[in-house]
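Structure record follows, encoded as structure tokens.
Only the coordinates and a few stated rules stand behind these numbers; no lab work does. Bear in mind the structure is a predicted one, so any value in this text is a computation, not a measurement. A quick note on method: Cβ atoms are made from the backbone with ideal geometry, for glycine too, and the neighbour counts reach across all protein chains shown.
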Amino acid sequence: MDIEIKSDCSEVDWKIVSDTLKNVGMGYHEPDLHKKAFENSYVTVFIYHDKRMIGFGRAISDGAYQAAIYDVAVNPDFQKKGLGNTILENIMVRLPECSIILYASPGKEGFYHKNGFRKMKTGMAHFINAEKMIEKGFTE
Ligand SMILES: CC(C)(COP(=O)(O)OP(=O)(O)OC[C@H]1O[C@@H](n2cnc3c(N)ncnc32)[C@H](O)[C@@H]1OP(=O)(O)O)[C@@H](O)C(=O)NCCC(=O)NCCS
């Protein structure tokens, strides 16, 4: 499959980001809030097929030794074709000296495990929607 990998935020349709996150069951916001989050991130990756954005991801980082990955998603019509791996690789290659943390959606741990991530034993989170995150299985 022909794909184009971009890091530039300037051509992104942020409604597609919001709609895709909603469709795959991840947390989503108004398009402009995603625009702010991606534009303020250290690494952004967008995958296009036929000029249509079908996947994306981002990382925040100090640019030195710590980073965190967020909002990795592939349009359901294009999942299981290796694009998740492509997104992750393109993020990680730009964080060569960094330890990287993330929290996987429940059930998606295997995807990250295959890419070298391991479960954290002391991970702690202070979520804005604390009750919802308990309900969704992210926290105790
Ligand atoms: C998770 C997600 C990004 C994976 O994208 P994808 O394009 O389907 O993944 P790939 O085809 O690149 O698969 C990469 C590898 O991970 C494996 N994998 C994918 N999803 C998996 C899962 N839920 N459990 C275990 N392994 C999984 C694949 O089998 C593949 O293994 P291989 O390299 O040995 O063949 C995609 O399923 C998605 O967008 N899901 C909804 C959003 C989401 O949950 N994102 C993660 C947020 S933390």
Practice task
Give the residue from 3, 87, 133 lying farthest towards the positive end of the charge dipole for the chain; charges sit on Cβ (+1 for Lys and Arg, -1 for Asp and Glu) and the dipole is referred to the Cα centre.
Solution key: 133
Fill in the blank from the handout: Taking a crude spin-label model, label points 7 Å out from Cα along the C-beta direction, the residue 62 to residue 50 distance in nm is 4.6 nm
Fill in the blank from the handout: Length gained, residue 22-residue 139, 0.36 nm per residue minus C-alpha separation, equals 40.1 nm
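How do 28-37, 42-51 rank on mean C-beta neighbours within 10 Å, highest first?
So the peptides 28-37, 42-51, ranked by packing, come out 42-51, 28-37.
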Problem - Taking region 40-105 and dividing mean pair separation by its residue count, relative contact order in percent (alpha carbons under 8 Å, at least six apart) - result: 32 percent
Exercise for the section: Check the straight Cα-Cα distances from residue 35 and name the lysines below 23 Å, setting aside those fewer than 8 residues away within the same chain. Expected result: 6, 15, 22, 51
Completion exercise
Taking 0.36 nm per residue of separation between residue 77 and residue 131 and subtracting their Cα-Cα distance, the length gained on full extension comes to 16.3 nm
Fill in the blank from the handout: Any trypsin sites (Lys or Arg not before Pro) in region 55-97 that lie in a DSSP loop and have at most 15 other Cβ atoms within 10 Å would be 80, 81
Practice task
Would you mind giving the average projected area, over all directions, of the Cα convex hull of the chain in nm² with one decimal?
Solution key: 8.6 nm²
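Below 8 Å, C-alpha to C-alpha, sequence gap of six or more: please give me the relative contact order for region 1-139 in percent.
Relative contact order comes out at 18 percent.
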